[in-house]
Amino acid sequence: MIYRLPLACTCFVATVIRAVYASRQVKFDVRTSFSENYVTTRIIPVDVFDLVVFGATGDLSQRKLIPALFHRDEQGQLPPEARIIGTSRRAMSDAEFRAFAKDALEKFVEEKSRTDELMERFLGRLSYVSAEATLDDGWLKLEQVLGQHPERIRVFYLAVGPDLFGPICDRLGTHKLVTPQSRVVVEKPVGKSGASADALNDEIGKVFPEPAIYRIDHYLGKETVQNLMALRFANALFEPLWNGMHIDHVQITVAETLGVETRAGYYDTSGALRDMVQNHMLQLLCLVAMEPPSAMDADAVRDEKLKVLKSLKPITAADIEHSVVRGQYRGGPSNNGQLKSYLEDLGNPDSRTETFVALKAEINSWRWANVPFYLRTGKRLAERVSEIVVEFKPIPYNVFQATAGSLKPNRLLIRLQPDEGVELFLSIKEPGPGGLRFKHVPLDMSFAEAFAGRQPEAYERLLTDVVRGNQTLFMRRDEVAAAWRYIDPILEAWRDSSEPPKPYQSGSWGPTAAISLIERDQRTWYEPHVE
């Protein structure tokens, strides 16, 4: 029994009333109060730009950047004059790069979107310059190409390893390619510790001023993440309850079913704490916990996120045993036979790199005193899912008879993937005669069902935000530093410990110690699709 939830507060309240009292209805769709055809997107074209993608022949470019730019072109958001210039060390002609891009589109874009006219228009925007990041080879050619339109917005996207951020920025400065209209986009990880992040930011900052640096986190571009802010700050329903008086705890889960696959080399130098917690998960925590900003502009939002990061209670070496769990996946059965362990995938039997982390975070603030935030992330887990669960406190007193059944706390579920949407779990009377029997059911808003048509991917939104100069969804340098101040002591405690990561079987929800982490507080992990 599923109840559909739009975000409008007044309709939501009416829905709750109707759902509770219309107990004889088996199904109820609150979208009957809306037009059946939702307006999903208002297309606003961006200014003319030149986008230079360093690492243009790599995996990120193929899977995400090229398809994202194609979809924005498909929607008419890219002006006719906009150019996309691929750059990497590989020797390649314009025609060969367009063939590479065409292959990427055929792999990662639905066939119905790939009309001959759209493909021709998009591929016509592409050109290619071979350039060495650490040498001067090819840079004069890039100067000539960009010099044709010095007045345009220039976006330099560094889809390369962080060790190349500094050398590329240095050459952009040396060859005078940075104009007042230039922006640089850097992918995570920004460093492997607070000290290395500072050094990396110093290198980039020698060439680009802070307002021109866009540290991208694709999780912040997801539709549901932004709807979290809409739920909180555009509706009178939730914000009065958004505090420790009414919320019992918060869970943030980012789970993957895949192992390290082809990323084993990179992953072994990073691990789950650096790869996921320091950036993605702490950013999600900030959006849940932040105070209302004074305005919905970049610095006002980021100021409030920074306050959250600064308010996180430090996890010291003495706290590690009870507050943090690190794990490493072992082999397990699959539909295609036996899965390898992380050590077998890596080919190194001595690695102590974690593929799973669970931790209990606490925020020292008036709003969140005594409200724990439980974070967990890992590879080879039972299900691919990213979600935020806000569990409210139970009712103070149950006036109903025991025959009605137990009353579960209300729960708000914000699902980032695979199916973006929002669910609010309520206890209602089960339809039928014979007295009260309670059932815990979700009022559900699935984006795919509620809004007609295809929903833009995160990179589509973030790339156009860069062109517009909107930094709201990008991390500021002081945010990065504050996040590392929270993570560094955990890494140091692990380095000083002789205890290896706790093993867990592929296809499970992680080590049993992660269950103990939350259950010693008389709580339990929310398992997707189990109510």
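Antiparallel DSSP bridges in the chain: what percent, to the nearest 5? If we restrict to bridges inside the chain, about 50 percent are antiparallel. In the chain, a dipole from Cβ-located charges (positive for Lys and Arg, negative for Asp and Glu) runs towards its positive end, and of Val254, Pro45, Leu412 it is Leu412 whose Cα lies farthest in that direction. Taking the average, over residues, of other Cβ atoms within 10 Å as the packing measure, peptides 121-132, 72-83, 474-485 rank 474-485, 121-132, 72-83 from highest down. If only the Cβ of Lys and Arg carry +1 and only the Cβ of Asp and Glu carry -1, the dipole of the chain around its Cα centre is close to 1160 debye.
Based on C-alpha pairs under 8 angstrom that are at least 6 apart in sequence, region 49-187 has a relative contact order of 31 percent. I'd like the distance separating the alpha-carbon centroids of region 475-516 and region 366-412, in whole Å. Between the Cα centres of region 475-516 and region 366-412 lies a distance of 23 Å. Here the contact order of the chain, divided by its residue count and restricted to Cα pairs under 8 Å and six or more residues apart, works out to 19 percent. Pull out a ≥ b ≥ c, the square roots of the eigenvalues of the alpha-carbon gyration tensor of the chain, then state rounded if a/c is under 1.5, prolate if not and a/b is larger than b/c, and oblate in the remaining case. Since a/c reaches 1.5 and a/b is larger than b/c, the shape of the chain is classed as prolate. Length gained on full extension, Ala199 to Glu117, computed as 0.36 nm times the residue gap minus the Cα-Cα distance: 24.9 nm. Pull up all non-local amide H partners of Ile153: gap of 5 or more, or a different chain, and H-to-H distance under 5 Å with H placed in the peptide plane. Amide H neighbours of Ile153: Asp50. Residues whose amide H falls under 5 Å from that of His249, counting only those 5 or more places apart or on a different chain, are Glu391, with hydrogens built in the peptide plane.
Sorting the Cα pairs of region 49-187 by distance into bins of 10 Å, from 0 upward, gives 12, 45, 34, 9, 0 percent per bin.
Rule-based calculations on the coordinates, nothing more; no lab input. Quantities reported herein were computed from a predicted structural model and do not represent experimental measurements. No Cβ is skipped: glycine too gets one built from the backbone with ideal geometry, and neighbour counts run over all protein chains shown.
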